[in-house]
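Notes for the one structure printed next.
What follows is calculated from the coordinates using simple rules that are stated; it is not laboratory data. Everything numeric here is computed off the predicted structure, so don't read it as measured data. A quick note on method: Cβ atoms are made from the backbone with ideal geometry, for glycine too, and the neighbour counts reach across all protein chains shown.
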Amino acid sequence: MSGSDSLANKRRVLHVLTSEAWGGLEYYACTLAVALHKAGVESYFACNPESRVGEFVQAHGLPYLPLFHRRLPHPSDVVRLRRFVAGNQISVVHSHYHSDVWLASIALRWKASLRTVRFFHSFYMGMIPKRDFLHAWIYRRVDGFFVSSRKFLDEVKECIPAAANKAYVLPYGRDLSQFQHDFSRRAAVRKSLNVDKDTLLVGVVARIDPGKGIREFVESYLLLPDDVREHTVYLVMGEPTIKRSGLGRVVYEPACEVYSEEIHKFVKLHRLEGRVRFIGFQRDYIPFLDAMDVFVLPSHAETYSLSALDAMAMNLPVVGTDSGGTPEQIKDGVNGFLIEPKNAAAIAAAIQRYYFDPKLRKEHGINGRRFVESNHDLRQTISRMLSFYGLPEVTS
């Protein structure tokens, strides 16, 4: 058996994720690696063991290489990563954080035994032009780039010529077996929030960041008619963007902390504490989605929202902004409403419409679930990933 054949048969994937934050990018990359592991692919990580990513990896018993985030690749990290890949006979390397592609690209060069290791990188956020020689050299070692939406694919091709012919849309995959209604659970969560069965619970799951539109969402509450406001509660699940975390300590981005404080002051000023609730990110957030009646995605420009997909998977109608990749998720008047970004009045109008039309809420929720089933089933995503990786699927 040749060295390359032996390596391919190992079915071992190393996920490089040195980010010290914890948001949609980190959560999705971690859960995807676990899903691959369950599908018979041995998943390894290169991460900061003290970060939330590291905590997740260790909690799931995945082997890892301790690696700390640096703005630029350090020679010692290059050597350690190269040795880890060779020593564990890794067949695929998949980087997820923007700076990790540099480290992995350099580590996988020059050593003859690593030339057969396939290398992929996922883009999760907006692009800035990268047309210089150095980026072209770094990206040349990458076998494929994954993006979450068609709009983002066009953006990548425009901004990164080196990626134009090897960038692919890989839809987010969701394990739909986890997104099932449980009426007793719904009642219990609503009771814990002091929300009765006749109250419309409208929710957001997002980082409290200026670009996420949380301010407009909160302001929209005051724009609801009195009779609607009397029977509506807003729930914000999130926290300011994390700059770094570890050892039980969390440091938030200063601008996001200020933004969060301003929103809380607004709520207090207008005496909305009982009507606009804030809870931090929940490790098990699905019960809270189950408790909601309407989901709002007020982001100014979302690449492609994971939280909106999860809301749809729970049969929730979604109000989202007509920007970024969101129109690929929400079909206006079919599984939700598309509204103008940064427009609190538009958010209020959509919520008011759902308040007075429970039948429409149910119809849009059902259509949203069907959309996720057709386009974002985790099994389909895993199958496509294995195909890109060049690894055979496990047959039981």
* **Calculated over segment 32-149: convex hull of Cα atoms, volume per residue (Å³)** => 122 Å³
* To do: Highest first, please rank the peptides 277-286, 176-185, 340-349, 251-260 by the mean number of other Cβ atoms sitting within 10 Å of their residues.
  => 340-349, 251-260, 277-286, 176-185
* In sequence order, what are the phi-derived ³J(HN,Hα) couplings for segment 67-72 according to the Karplus relation 6.51 cos²θ - 1.76 cosθ + 1.60 with θ = phi - 60°, rounded to whole Hz, with x for glycine and proline? -> 8, 9, 5, 9, 5, 10
* **Mean separation of Cα contacts under 8 Å, 6 or more apart, over the residue count of segment 177-375: relative contact order %** => 24 percent
* Asked: Where the only charges are on Cβ atoms (+1 Lys, Arg; -1 Asp, Glu), what is the dipole of segment 1-103 about its Cα centre, to the nearest 20 debye?
  -> 240 debye
* To do: Would you mind getting me the FRET efficiency between Arg379 and Leu193? Use the beta-carbon distance for r and R0 = 35 Å, nearest 0.05.
  => 0.55
* **Hydrodynamic radius (Kirkwood) for segment 71-135, which is based on Cα pairs only, to one decimal in Å** => 12.7 Å
* Share antiparallel - DSSP beta bridges, segment 177-375, percent rounded to 5 -> 15 percent
* Asked: Using the C-alpha gyration tensor of segment 177-375, what are the square roots of 5 times its eigenvalues, in whole angstrom, with the largest one first?
  -> 23, 20, 18
* Got a sec to turn the phi values of segment 287-298 into Karplus ³J(HN,Hα) couplings, 6.51 cos²θ - 1.76 cosθ + 1.60 with θ = phi - 60°, whole Hz, x for Gly and Pro? -> x, 6, 5, 4, 7, 7, 10, 9, 10, 10, 10, x
* Asked: Using the alpha-carbon centroid of each, what span in Å lies between segment 354-391 and segment 190-244?
  -> 24 Å
* Asked: Dipole of segment 177-375, Cα-centred, from +1 at each Lys and Arg C-beta and -1 at each Asp and Glu C-beta, to the nearest 20 debye?
  -> 460 debye
* Structure fact -> Most exposed first, judged by fewest Cβ atoms within 10 angstrom, Leu193, Leu14 run Leu193, Leu14
* To do: For helix 254-269, report the angle its Cα long axis makes with the longest principal axis of the Cα atoms of the chain; keep it between 0 and 90° and round to the nearest 10°.
  => 10 degrees
* **Placed amide H near Gly325: partners under 5 Å, 5+ positions off or other chain** => Glu302, Thr303, Tyr304
* Structure fact -> Two pseudo-spin positions, 7 Å from Cα along C-beta at Ile366 and at Glu273, lie apart in nanometres by 4.3 nm
* Once label points are set 7 Å from the Cα along Cα→Cβ at both Ser99 and Met125, what is their separation, rounded to one decimal in nm? -> 1.2 nm
* To do: Step through the residues of segment 198-204 one at a time and calculate ³J(HN,Hα) from phi using the Karplus curve (6.51 cos²θ - 1.76 cosθ + 1.60, θ = phi - 60°), rounding each to whole Hz and writing x for Gly and Pro.
  => 8, 8, 7, 9, 10, x, 10
* To do: List the residues whose amide H sits under 5 Å from the amide H of Tyr64, counting only those 5 or more places along or on another chain, with H placed 1.01 Å from N in the peptide plane.
  => Phe45
* Student exercise, the chain dipole from Lys, Arg, Asp, Glu Cβ charges, in Debye to nearest 20 -> 1320 debye
* Contour minus end-to-end for Arg140 and Val334, with contour as 0.36 nm per residue of separation and end-to-end as the Cα-Cα distance? -> 65.7 nm
* Nearest-ten-degree value, helix 24-38 long axis tilted from longest Cα axis of the chain -> 60 degrees
* For the chain, share of DSSP beta bridges that run antiparallel, in % to the nearest 5 -> 10 percent
* For the chain, what is the relative contact order in percent, using Cα pairs closer than 8 Å and at least 6 residues apart in sequence? -> 15 percent
* Taking a 24 Å limit on the Cα-Cα distance, which of the listed pairs Lys10/Lys111; Lys265/Lys359; Lys243/Lys331; Lys38/Lys151; Lys265/Lys342; Lys212/Lys265 fall beyond it? -> Lys265/Lys359; Lys243/Lys331; Lys38/Lys151
* To do: With a Förster radius of 35 Å, plug the Cβ-Cβ distance of Asn88 and His264 into 1/(1 + (r/R0)^6) and report the FRET value to the nearest 0.05.
  => 0.15
* With the dipole of the chain worked out from charges on the C-beta (+1 for Lys and Arg, -1 for Asp and Glu) around the Cα centre, which of Met314, Phe288, Ser149 lies farthest toward the positive end? -> Ser149
* Could you tell me how many degrees, from 0 to 90 and to the nearest 10, lie between the Cα long axis of helix 75-87 and the main elongation axis, the longest principal axis, of the Cα atoms of the chain? => 80 degrees
* Asked: Under the Kirkwood approximation applied to all pairs of distinct alpha-carbon atoms, what is the hydrodynamic radius of the chain in Å?
  -> 22.2 Å
